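Comments concern the structure below.
The values are calculated or read from the model by the stated rules, or taken from the named source; none is laboratory data. If you're wondering where the values come from, they're calculated on a predicted model, not measured in any experiment. No Cβ is skipped: glycine too gets one built from the backbone with ideal geometry, and neighbour counts run over all protein chains shown.
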Amino acid sequence: MIKPLNYSIAQSILLASLLNLSIPSAFAFSDTQNHWAKDCINQMAPRKLVSGYPDGTFRPNSTITRAEFAVLMLNAFPDAPVKRSGVSFKDVPSNHWAHRAIQEAYKRAFFSGYPGGIFQPSQPIPRVQAIGVLAGAKNYSIPNNPDSTLRQYFNDSDQIPGYAKNAIAAAAVNTMVVNYPNIKQLKPNQQATRGEVASLICRALNIYAVPPQYIAGVDVHPQQVRALPGGLNTVPTFNSNHPELVETEGILLSTFSPAGKRVPSAHLNFPFQGRFDIFTHHIARAQTQAETRPLYQGLILHNPTDKPITVEILQAASYLSTPDAPFITLPDMVENPNGTVYSGPGSRTMNDVLRDIRNEDFPDQLVLEPGQSKLLMNQAIPIRQAPASNGRSTMIRLQSNGQVYVANLAMKAPRNSNGTYRAPTLAEWQNLLETGELAEPRGLVPTPLDPPKEPTVFGRVAGVSEGTQWLAQITDTPESNNLRIPQPGEAFSYVVGTLHLITLNTGQIQSAKMLTRYPDSAYYAHSNYGVEYNLTLPLKNATSQSQTVTVSIQTPLKDEGGADRLLFLNPQVDQVFFRGTVKVSYEDEQGQNQTRYVHLVQRRGQPGQPLVTLNLSPNEQRKVQVDFIYPPDSTPPQVLTVRTLEK
């Protein structure tokens, strides 16, 4: 609701919103059909976020008061936590129609008052306040240089009050600001209209209904966006990323039988056999020097059968952030023929496995006698100087000729008699496995997937996911043997790494399903960390003229508004959304097969550079193969884009 009609209606709608009750209404507004924000308004109405007037109008060009905006904020963010005690405003008596809403909005730190203990509930809210309140509710990070950021986005940035600069800059970087009709004109001190407020709420709640040409900092690329052919295989992955930050000793993930264990719920009873993968990613942190006692990570394999079992380690890599693979600034694209280019442990680990490497720390096989357990890994996540953190990413591909259980454990380093630290023994790991609880802190419980809800908590992954490889032959149709390139000046893209609510309007969710999981862990292995994508494009120039075509990986904005566009950012932001090595194989113009390894760094909303550029003669066909393992420290979505250049 934006504009309450009288005391009783306003209070009843607010109460219903707070109690999550349904309000019967007719959501058809007679005066919004020609308004630029009509799609947003029409999508907000069924969600009980806005309401109209008795005459069937919405009045999108009317203003909204601070009291009305307080009600709207509670509708939009009903689960926002209470952060402080209430306060009495001199101009909001207890019988004021919005008294309760203003109190609740104040306690959740949506609003503050004015000097003298007043709230000014009837004051039309300026755009700068509305944007600032929403940015605060979203808890956006503040850019490093707000003044410079604002000058990049808005021609009238000098009119933004000093108190609001941080919030407006944060909102702009996160594509929440909507400016109509001029995308560069913020008009910060102009009174916000109901239509403008609706559009801001849509952006804050990821309701993709605002015309993108009015979103500050967004470039619209008209083109076709397609679902990715192929699919995941059924090879299981021991997938351990919850908790990411490990602060207590305990079980990170165990697929052992719960029989005889002190905490049966910590064991998922899932034996592996044949091909399976192990992926883990965990972080240790020390705030004080006393907390720098090393945290060890141990991987145990156990043979529960009455026959010897051989487990082959096909590929394996494990790296620390410090000193193995620090997060360093790299160019957007760097040739990486020898695997020496990386930024972060996920980037380096996946680079090695992509090249079929097994690090020397791992044996080529383990032979487990009946009932025997052995350590596959026993490595520290050290911190030498506090305050600091360190992380370890691990990827292992295995083949077992019988059933094995796997456990991933965390333990503070035991001490030797002289006070120095040492690695835990197998017996100490086994004792922790038998008697230990789940390591903490446990993260936020994921949002149920049905019905879809924004904002969504995806949660961290701890369990067994299904799928280690996505194999795709990308052709015009399943029956076709080629992929016709776009017309000159046009492009089409295939989505990569999509997950629940982030599909670029294709409806395709690529996330690996969980075969078993802890109840507080993610429902899917979202982002498909550690999954290898093998994408083949048999490109064909079906025109009568020579054409130049490029193949790129790009990182567009999250957008479910249509499969006929991609949205990118201008100006560019600092948030890195993809860093990892991509293998590109193709046939050059001399008919020679070429293979390149290229390390990519892409930021949120970055179009990216071509991986390969080909000149195709009329009716010529040439195959391009793109292979990569989706790296940790990355954030979807990405797309694989084929573009034909204009002449």
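Looking only at the range 561-574, decide whether some residue is in contact with a Ser or Thr (Cβ under 7 Å, 6 or more places away or on another chain), part of a loop (DSSP other than H, G, I, E, B) and closer than 30 Å to Pro146 by Cα.
Checked the range 561-574: no residue is in contact with a Ser or Thr (Cβ under 7 Å, 6 or more places away or on another chain), part of a loop (DSSP other than H, G, I, E, B) and closer than 30 Å to Pro146 by Cα.
Taking the range 29-46, which residues are within 26 Å of Ala101 (Cα to Cα) and either without any contact (Cβ under 8 Å) to a residue 60 or more places away in the chain or in contact with a Lys or Arg (Cβ under 8 Å, 6 or more places away or on another chain) (or both)?
Answer for the range 29-46, where residues must be within 26 Å of Ala101 (Cα to Cα) and either without any contact (Cβ under 8 Å) to a residue 60 or more places away in the chain or in contact with a Lys or Arg (Cβ under 8 Å, 6 or more places away or on another chain) (or both): Phe29, Ala45, Pro46.
Scan Gly608, Gly561, Gly507 and give me the residue that is small (Gly, Ala, Ser), more than 24 Å from Lys647 (Cα to Cα) and in contact with a strand residue (DSSP E or B) (Cβ under 9 Å, 6 or more places away or on another chain).
Checking each option against the conditions leaves just Gly561.
Tally the residues that are small (Gly, Ala, Ser), surrounded by 23 or more Cβ atoms within 10 Å (Cβ to Cβ) and modelled with pLDDT under 95, restricting the search to the range 526-567.
The qualifying residues number 1.
Kindly establish whether Ile118 is closer than 23 Å to Ile64 by Cα, buried (at least 19 other Cβ atoms within 10 Å of the Cβ) and in contact (Cβ under 8 Å) with a residue 24 or more places away in the chain. Spell out how you get there, then give the answer.
Values: closer than 23 Å to Ile64 by Cα: yes; buried (at least 19 other Cβ atoms within 10 Å of the Cβ): no; in contact (Cβ under 8 Å) with a residue 24 or more places away in the chain: yes.
So Ile118 fails the test.
What do you reckon, is Gly402 modelled with pLDDT of 95 or more, assigned to a loop (DSSP other than H, G, I, E, B) and more than 30 Å from Gln289 (Cβ to Cβ)?
Judged against the criteria, Gly402 is not a match.
Give me a count of the residues in the range 476-499 that are β-branched (Val, Ile, Thr) and free of Cβ contacts under 8 Å to residues at least 12 places away in the same chain.
Result for the range 476-499: 1.
Is there a residue being loosely packed, with under 14 Cβ neighbours inside 10 Å, modelled with pLDDT under 90 and either in the same structural domain as Tyr180 (by TED's automatic domain parsing) or over 23 Å from Lys107 (Cβ atoms) (or both) anywhere in the range 31-40?
no
For Ala407, all conditions in the list (1) outside the structural domain of Lys374 (by TED's automatic domain parsing); (2) farther than 22 Å from Val531 by Cβ; (3) touching a residue at least 24 places away in the same chain (Cβ under 8 Å) hold save one; what is the number of the exception?
Here Ala407 clears every test but (1).
Within the range 456-494, can you find the residues that are in a strand (DSSP E or B) and more than 26 Å from Glu620 (Cα to Cα)? Give the steps one after another, and end with the answer.
Pass one, the range 456-494, residues in a strand (DSSP E or B): 462-466, 469-473, 483-484, 491-494.
If the condition is that a residue be in a strand (DSSP E or B) and more than 26 Å from Glu620 (Cα to Cα), then Ala462, Gly463, Val464, Ser465, Glu466, Gln469, Trp470 are the ones that fit.
Filter the range 459-489 down to the residues that are closer than 13 Å to Lys513 by Cα and of a type outside the set (S, T, N, Q) and list them by number.
Val461, Ala462, Gly463, Val464, Glu466, Gly467
Give the range 612-647 a look and list any residue that's within 30 Å of Thr349 (Cβ to Cβ) and among the acidic types (Asp, Glu), or say none.
Within the range 612-647, Asp627, Asp633 qualify.
For the range 356-379, give me each residue that is in contact (Cβ under 8 Å) with a residue 40 or more places away in the chain, in a loop (DSSP other than H, G, I, E, B) and not hydrophobic (A, V, I, L, M, F, W, C).
Selection gives Asp356, Asn359, Asp361, Pro363, Asp364, Glu369, Pro370, Gly371, Gln372.
Select from the range 82-125 the residues that are modelled with pLDDT under 95, among the polar types (S, T, N, Q) and closer than 24 Å to Pro188 by Cβ and list them in ascending order.
The answer is Ser112, and nothing else.
Looking at (1) free of Cβ contacts under 8 Å to residues at least 12 places away in the same chain; (2) in contact with a helix residue (DSSP H, G or I) (Cβ under 9 Å, 6 or more places away or on another chain), which is the only condition Asn338 fails?
(2)
Scanning for something in a strand (DSSP E or B), touching a strand residue (DSSP E or B) at 6+ places or on another chain (Cβ under 6 Å) and modelled with pLDDT of 95 or more, does the range 422-437 turn up at least one residue?
Checked against the condition, which is being in a strand (DSSP E or B), touching a strand residue (DSSP E or B) at 6+ places or on another chain (Cβ under 6 Å) and modelled with pLDDT of 95 or more, the range 422-437 yields no hits at all.
Check Tyr296, Tyr342 and return the single one that is under 20 Å from Lys412 (Cα atoms) and buried (at least 18 other Cβ atoms within 10 Å of the Cβ).
Values: Tyr342 fails: under 20 Å from Lys412 (Cα atoms).
Testing whether each residue is under 20 Å from Lys412 (Cα atoms) and buried (at least 18 other Cβ atoms within 10 Å of the Cβ) leaves just Tyr296.
Can you name the condition, by its number, that Ala137 falls short on among (1) outside any helix (DSSP H, G or I); (2) in contact (Cβ under 8 Å) with a residue 60 or more places away in the chain?
Status for Ala137: all satisfied but (1).
Across the range 151-191, what is the number of residues that are crowded, with 22+ Cβ neighbours inside 10 Å, in contact (Cβ under 8 Å) with a residue 60 or more places away in the chain and more than 27 Å from Pro556 (Cα to Cα)?
Result for the range 151-191: 1.
Which one is farthest from Leu245 (Cα to Cα) among residues in the range 308-335 that are crowded, with 21+ Cβ neighbours inside 10 Å, of a type outside the set (Gly, Ala, Ser) and out of contact with any Gly (no Cβ under 6 Å at 6 or more places or on another chain)?
In this case the residue turns out to be Val311.
Listed residues Thr63, Thr57; which is in the same structural domain as Ile102 (by TED's automatic domain parsing), in contact (Cβ under 8 Å) with a residue 40 or more places away in the chain, on the phi < 0 side of the Ramachandran plot and β-branched (Val, Ile, Thr)?
Numbers: Thr57 fails: in contact (Cβ under 8 Å) with a residue 40 or more places away in the chain.
None of the others qualify; the one that does is Thr63.
Go through the range 481-508 and report how many residues are at pLDDT below 95, of a type in the set (A, V, I, L, M) and more than 24 Å from Thr581 (Cβ to Cβ).
Going through the range 481-508 one residue at a time, the tally reaches 1.
Can you tell me which residue in the range 501-556 is farthest from Thr468 (Cα to Cα), limited to those that are touching a residue at least 60 places away in the same chain (Cβ under 8 Å) and of a type in the set (Lys, Arg)?
That would be Lys540.
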